[in-house]
Amino acid sequence: MKNNNKYLGLVTKKFNEFFLVDIKNQENSNMRFLCKVRKSINFKDQLIYVGDEVVIDNIDLKSKRAVITSLKKRKNLLTRPSVANISDIYITFSVEEPELNFSQVNRFLIAAESMGVEVSLVLTKCDLISDKRRSFLIDKFGKWGYQVITLNLQKSDYFKNFLAELKQKECSIFMGPSGVGKTTLLNMIIPGLQNSTAPVSNKIKRGKNTTRNVELFSISNQSYIVDTPGFNMQNLEVDISLLPNLYSEIYKQVINEGIKCKYRNCLHLNDEGCNLNKSFERYSFYKEMIESSKSHYYQNQED
């Protein structure tokens, strides 16, 4: 039986020329269709990615097949892995095995902030550290501007609270280095997923990528989480002049406290008339990121 009505759907998986698309409405709640793109449709050389919103019609309710007829404008797009319309990024690091690297954490956070979405920090394997160390890390990252989510496998309430939060989000993704427990978390969040996990290498002290296919999984009504193929770090490609806005310590001084530097495009290094209080902990990370890109920035200004 065919239904000629059009529905807004969400691409949850892509393989070859086929797409799995979920539609959610009163008439066809939580239905999934195997779709192809209508041959006559030209999306102006745009590809369709997991997470894209599409319009489908020519729906066959018996075979669960349909045709994609149009692509909705996306909010954002990650390129590695390719997934669209992320609402929340959870930067995920282990406190031990592998050991926490604060400079690396910072780069992940800034890369995520450049996406313009909600960014949170998750620390796994907290059962391997003392309560004193855990409190220290919570306080440290709090000064960075992040309320840390700590997970301890021996305390189920930690995970339950985290899962309840995820179910309130639209589309979440874990982002972090290998071996920190992203796959283990996904296996706990998505019953029956059973992605394989690999131990941390004793030689190089980091994990091996184990996930293979990008796919969205529904964890509550209108809430999805992305299962990713060993997602490490999004390439940081951002205009150097925008970097100050990605650090909460700088943003708060400029916006909340109203500090004004002599020049509007001040990069807060040794710029003339800079009035930024540079005593915050992450300033060394910020300075390093700015200086490493500064020559490229000025070259672009000259062009």
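The values are calculated or read from the model by the stated rules, or taken from the named source; none is laboratory data. In this text the structure is predicted, and so the values were computed from the model without any measurement. Note: ideal-geometry Cβ built from the backbone for every residue, glycine included; neighbour counts use all protein chains shown.
Structural remarks
- Tally, over the range 162-181, of residues that are touching a helix residue (DSSP H, G or I) at 6+ places or on another chain (Cβ under 8 Å) and either under 23 Å from ASP52 (Cα atoms) or of a type in the set (Gly, Ala, Ser) (or both): 5
- Sole residue being more than 18 Å from ASN245 (Cα to Cα), assigned by TED's automatic domain parsing to the domain that holds LYS169 and either modelled with pLDDT of 95 or more or in contact with a His (Cβ under 7 Å, 6 or more places away or on another chain) (or both), chosen from ASN85, ASN101: ASN85
- Residue, modelled with the lowest pLDDT, within the range 194-206, restricted to residues that are within 18 Å of ILE225 (Cβ to Cβ) and surrounded by 15 or more Cβ atoms within 10 Å (Cβ to Cβ): THR197
- Looking only at the range 119-135, and only at residues there that are outside any helix (DSSP H, G or I) and free of Cβ contacts under 8 Å to residues at least 40 places away in the same chain, the one that is nearest to the chain's Cα centre (by Cα): VAL119
- Lone unmet requirement of (1) closer than 14 Å to ILE173 by Cα; (2) surrounded by fewer than 19 Cβ atoms within 10 Å (Cβ to Cβ); (3) touching a residue at least 40 places away in the same chain (Cβ under 8 Å) for PHE108: (2)
- Filter result for GLU257 (modelled with pLDDT of 90 or more, more than 22 Å from ASN106 (Cα to Cα) and touching an Asp or Glu at 6+ places or on another chain (Cβ under 6 Å)): no
- Any hit, the range 146-155, residues being touching a strand residue (DSSP E or B) at 6+ places or on another chain (Cβ under 8 Å), on the phi > 0 side of the Ramachandran plot and not acidic (Asp, Glu): no
- Within the range 249-269, tally of residues that are surrounded by 11 or more Cβ atoms within 10 Å (Cβ to Cβ) and in contact with a helix residue (DSSP H, G or I) (Cβ under 7 Å, 6 or more places away or on another chain): 6
- Residue-level analysis places GLU272 among those that are loosely packed, with under 15 Cβ neighbours inside 10 Å, part of a loop (DSSP other than H, G, I, E, B) and either at positive phi or among the acidic types (Asp, Glu) (or both).
- Residue tally, condition modelled with pLDDT under 85, more than 25 Å from the chain's Cα centre (by Cα) and either surrounded by 14 or more Cβ atoms within 10 Å (Cβ to Cβ) or in a strand (DSSP E or B) (or both), over the range 6-37: 1
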